[in-house]
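Input: a single structure, listed below in structure tokens.
The values are calculated or read from the model by the stated rules, or taken from the named source; none is laboratory data. All values derive from a computational prediction rather than experimental measurement. Counting neighbours? That spans all protein chains shown, and the Cβs are built from the backbone with ideal geometry, glycine included. To get the accessible areas, we keep the full protein, side chains included, count just its heavy atoms, and leave off ligands, DNA and RNA. Shrake-Rupley method; radii C 1.70, N 1.55, O 1.52, S 1.80 Å.
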Amino acid sequence: NELGYVMRPAMRESMARRSLFVAVHDSRVVGFVNSRRRRDGVNVIYEIAVHREVRGQKIGAALLNAIPKPKRLKVTQDNERAIAFYEQSGMTRVGAEQGKRRSLFVYEKRGA
């Protein structure tokens, strides 16, 4: 209910592609990560979210780690909590760019 920016058709497509991972705790979905593998082999993360009631329990880290390397994502430059999370998770800032509305940082994690 809180993630109004996530489009249902896109989520259904991700489920069909088997590129949507969900975290379940006490029989309820508490988080998800949605990604897509590009032709060049890089897995682009489009959305990752964890319910606020279970944050701090390594669920986000597990979801992020479910996406194979190399992986890439963009985050708004003013989202300090997300930036700290990505950096603590071993993602490296590789660039910056202007989004449609706000400036973005680009993060990657490469390797085997």
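Just a few scattered comments:
- Residue match in the range 69-81 (condition: touching a residue at least 40 places away in the same chain (Cβ under 8 Å) and either under 26 Å from Ala23 (Cα atoms) or basic (Lys, Arg) (or both)): yes
- Options Ser35, Ser14, Ser19, Ser27; residue that is free of Cβ contacts under 8 Å to residues at least 12 places away in the same chain and among the small types (Gly, Ala, Ser): Ser27
- Scanning the range 16-26 for residues that are open to solvent by 90 Å² or more (accessible area, probe 1.4 Å) and more than 15 Å from Leu63 (Cα to Cα) returns a single hit, Asp26.
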